[in-house]
Amino acid sequence: MTSVILLAEAKRSAEVTDWPARIGWLVGLLLFIALVYWLMREGWKWRGTLQSDIPELPSAPDETGPVRLSMSGRYHGSTTAGQWLDRIVAHGLGTRSRAELTLTDQGLEVERPGASDFFVPTAALRGARLDKGIAGKVLTEGGLLVVTWELGDKLIDSGFRSDRAAEHTEWVNTLNQMINDTEGAR
């Protein structure tokens, strides 16, 4: 008789899942994820507030002259010059986007769909180099065109990646030659 009772207990189905407990854990996890994203957003806004001393970005003049070079690619962000992890978020400089770069005798024009465009006058250009990373984007050695320029009294590094990476060397040479010519004229 006891074997029949044991056999009947063995055939009983498993316990049904405790749905209220599972739903509670799921809601708690979703609230935790929302809190983390909210804190990240607040940190981004706080960084923008701390960088409020950075002046407005210059816009391109009506007449920029003949085009020396142009490039399609991506804008990966801007940092304080020499500090590749200190991202600048003020005035939309922290927003990654597609970019169309145009270099003229007047300066470097950066057109970004979905983000604010900006213009770097030739007098504000300080240097160009090939690098491997900038603020959260790391590529192979020489995979990133970094342009150093001055905005107000702050030196800024802006990182670009061309759709055709072979163009980077020509950009570095041309930009540095323009900078040397401008400094020689002063």
* To do: Check the chain and count each lysine pair with an alpha-carbon distance under 28 angstrom, considering only pairs eight or more places apart or from different chains.
  => 5
* Structure fact -> If every Lys and Arg gets +1 and every Asp and Glu gets -1 at its Cβ, then about the Cα centre the chain yields a dipole, in debye to the nearest 20, of 900
* To do: Quick one: order Ile33, Ile88 from most to least accessible surface, probe 1.4 Å.
  => Ile33, Ile88
* Asked: Using heavy-atom solvent-accessible surface (probe 1.4 Å) with all chains present, what is the largest-first order of Tyr37, Tyr75?
  -> Tyr37, Tyr75
* **Value at 222 nm in deg cm²/dmol, rounded to 500, when DSSP H runs of n ≥ 4 in the chain each add -39,500 (n - 2.57)** => -11000 deg cm²/dmol
* With labels modelled as points extended 7 Å from the Cα through the Cβ direction, what inter-label distance (nm, one decimal) is found for Glu15 paired with Asn180? -> 7.8
* To do: Give me the distance in nm between label points sitting 7 Å out from Cα along the Cα-to-Cβ direction at Ile23 and Asp105, one decimal.
  => 7.3
* Asked: What angle, in degrees between 0 and 90 and rounded to the nearest 10, separates the Cα long axis of helix 167-185 from the longest principal axis of the Cα atoms of the chain?
  -> 40
* Can you pull the semi-axes for region 13-79, root of five times each eigenvalue of the Cα gyration tensor, sorted largest first, whole Å? -> 52, 19, 8
* To do: Would you work out which of Ile33, Gly43, Ser97 lies farthest towards the positive end of the dipole of region 1-156? Charges go on Cβ: Lys and Arg +1, Asp and Glu -1.
  => Ile33
* Structure fact -> So for R0 = 45 Å, FRET eff. of Leu130-Leu31 from the Cβ-Cβ r, to 0.05, ends up at 0.50
* Solvent exposure, largest accessible area first (probe 1.4 Å, DNA, RNA and ligands not counted), of Arg164, Arg98 -> Arg164, Arg98
* Asked: Can you give the angle from 0 to 90° between the axis of helix 19-50 and the longest principal axis of the chain, with both taken from C-alpha atoms, to the nearest 10?
  -> 20
* Structure fact -> Check: C-alpha center region 51-70 vs C-alpha center region 142-164, spacing in Å is 14
* Along Cα→Cβ, 7 Å out, is where each label goes; now give me the distance between the ones at Leu139 and Trp44 in nm to one decimal. => 2.2
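The values are calculated or read from the model by the stated rules, or taken from the named source; none is laboratory data. Remember, it's a predicted structure, so these values are computed and weren't measured experimentally. Glycine also receives a Cβ, built like all others from the backbone with ideal geometry; neighbour counts cover every protein chain displayed. Surface areas here come from the heavy atoms of the whole protein model, side chains and all, with no ligands, DNA or RNA. Shrake-Rupley method; radii C 1.70, N 1.55, O 1.52, S 1.80 Å.
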